[in-house]
1. Identify, please: which residue in segment 366-381 is within 16 Å of the ligand (Cβ to nearest atom) and closer than 19 Å to residue 213 by Cβ and is, among those, surrounded by the most Cβ atoms within 10 Å (Cβ to Cβ)?
2. From the list 345, 297, 352, pick out the single residue that is outside any loop (DSSP other than H, G, I, E, B) and open to solvent by 50 Å² or more (accessible area, probe 1.4 Å).
3. When residues of segment 318-330 are filtered for being in a helix (DSSP H, G or I) and buried (at least 16 other Cβ atoms within 10 Å of the Cβ), how many remain?
4. Name every residue in segment 1-25 that is open to solvent by 30 Å² or more (accessible area, probe 1.4 Å) and within 15 Å of residue 125 (Cα to Cα), in order of residue number.
5. Please specify each residue of segment 204-218 satisfying the condition of being β-branched (Val, Ile, Thr) and open to solvent by less than 20 Å² (accessible area, probe 1.4 Å).
6. Quick one: in segment 148-203, which of the residues that are part of a helix (DSSP H, G or I) and of a type in the set (Asp, Glu) is surrounded by the fewest Cβ atoms within 10 Å (Cβ to Cβ)?
7. If only one of 145, 124 is surrounded by fewer than 20 Cβ atoms within 10 Å (Cβ to Cβ), under 24 Å from residue 28 (Cα atoms) and at pLDDT 95 or above, which one is it?
8. Would you mind stating whether residue 266 is open to solvent by less than 30 Å² (accessible area, probe 1.4 Å), outside any loop (DSSP other than H, G, I, E, B) and more than 16 Å from the ligand (Cβ to nearest atom)?
Amino acid sequence: MEVRVRQGDNVWYYSQLFQIPLQLLLDSNRGSNPTALMVGTVIRIPGYVLNRYTVQTGDTFWSISRKFSIPIDQLFLVNQQVNPNFLQVGQALFMPSRITNKRFVQTDGYDSTVLTTDLDQLTEAYPFIRRRVIGTSVMGKPIEEIRIGNGSKRVHFNGSFHAHEWITTPVLVEFINDYALALTNQTPIRGLSMLPYYNDVELSIVPMVNPDGVDLVINGLPTSEPYLSEVLEINDGSTDFSGWRANIRGVDLNNQYPAKWEQEVSLKPSQPSPRDYPGRAPLTEPEAIAIARLTLDSDFSRVLAFHTQGQVIFWGFEGLEPPESEVIINEFARVSGFRPIQYTDSYAGYKDWFIKQWRRPGFTVELGLGTNPLPFSDYPQIYEDAVGIMLASMYM
Ligand SMILES: [Zn+2]
């Protein structure tokens with residue numbers, strides 16, 4: 001919601017008037033100078049929407065504010081063009097309304113279009129959320145990153161590296177939704193007050209690393225060439241893409257990282273495939289490159305890549321993981337019941353590269369049980385498991 005600054009207003013006053021933490025107000029208005037607000041400046045109030053109210057017989061600003069239990073100055077502020085002494089029946093007023101529910105409910109078929117719509121809604125309602133495009137897919141779709149918080153502990157989550165594990169995307173978006181809601185309402189998540197997290201942690205989230213692949217699994221064949229023909233050829237002529245993990249060119253993005261990539265090549269398909277093909281060289285694919293660049297630029301303290309294969313968490317690479325990794329993985333196991341796996345005979349994954357490059361904690365979190373793509377009826381449990389792990393990654 002937006003308001004226009006009046007004579008004498010300041011952000012500290014708005015923080016009181018709307019009961020929104022000052023830091024969230026400041027971060028929602030990065031372009032303005034909060035200590036010297038000019039009259040008429042537009043200020044965004046996070047966690048509020050403007051509704052319409054139609055004046056009834058006998059209404060005054062005072063009676064309306066009593067009826068809806070909102071401070072009368074909220075009404076004055078958003079109705080500056082209205083003369084409060086001459087309200088007329090049928091006249092339209094603005095009514096500030098605090099957001100107390102999630103902006104949307106996660107749905108089956110969560111493709112790149114749904115993601116864009118949901119991120120539009122979240123950044124509109126909660127302007128302290130920062131959003132940017134970190135790269136584009138082979139087909140030119142944006143790969144988007146969300147950032148929340150100001151802390152020096154930089155925690156990164158990503159989802160949908162693998163196309164048919166797209167259920168990880170709504171998990172990450174719902175967490176953003178819940179986190180923002182908890183911050184603006186100052187309500188806890190699992191008993192934890194979230195504002196200290198906002199000040200301690202800068203959260204970076206890329207909800208959908210592989211938009212082309214996700215759209216292929218959910219919506220079927222692309223309509224444009226050369227993708228239509230190429231994808232059919234890679235899939236042996238079948239239009240069933242439910243087993244597709246790769247990007248649209250048949251490269252497995254989680255086999256693209258320079259961490260024993262040569263070894264991975266010797267174990268995996270040697271040409272484009274619905275799954276496992278590591279590519280001609282490390283980091284040939286724009287989606288893998290976008291995540292690598294982001295990671296190189298961001299000084300992440302730890303990273304969690306979300307996948308869906310069996311309620312386990314991979315946490316080591318060649319003994320290069322720091323001792324801290326073991327402490328964190330034990331907490332992840334405690335909160336989720338997932339089984340930690342230190343080493344496996346798979347290489348060239350994102351977390352492998354992160355551990356190798358920075359010697360910091362990196363995790364591949366495998367949510368859910370069963371054959372991918374998991375049925376959406378599993379979603380509520382998957383989300384519950386993920387929330388515990390995401391919170392732990394912020395407080396550990
Ligand atoms: Zn996966």
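1. Of everything passing the filter in segment 366-381, 367 is surrounded by the most Cβ atoms within 10 Å (Cβ to Cβ).
2. On inspection, the qualifying residue turns out to be 297.
3. Of the residues in segment 318-330, 3 are in a helix (DSSP H, G or I) and buried (at least 16 other Cβ atoms within 10 Å of the Cβ).
4. 2, the sole residue that qualifies.
5. 205, 206, 209, 214
6. So, considering only residues that are part of a helix (DSSP H, G or I) and of a type in the set (Asp, Glu), the one surrounded by the fewest Cβ atoms within 10 Å (Cβ to Cβ) is 200.
7. On inspection, the qualifying residue turns out to be 124.
8. no
The values are calculated or read from the model by the stated rules, or taken from the named source; none is laboratory data. Model, not experiment: these values are computed from the prediction. No Cβ is skipped: glycine too gets one built from the backbone with ideal geometry, and neighbour counts run over all protein chains shown. Remember, those area values only see protein heavy atoms, side chains included, never the ligands or the DNA or RNA. Shrake-Rupley method; radii C 1.70, N 1.55, O 1.52, S 1.80 Å.
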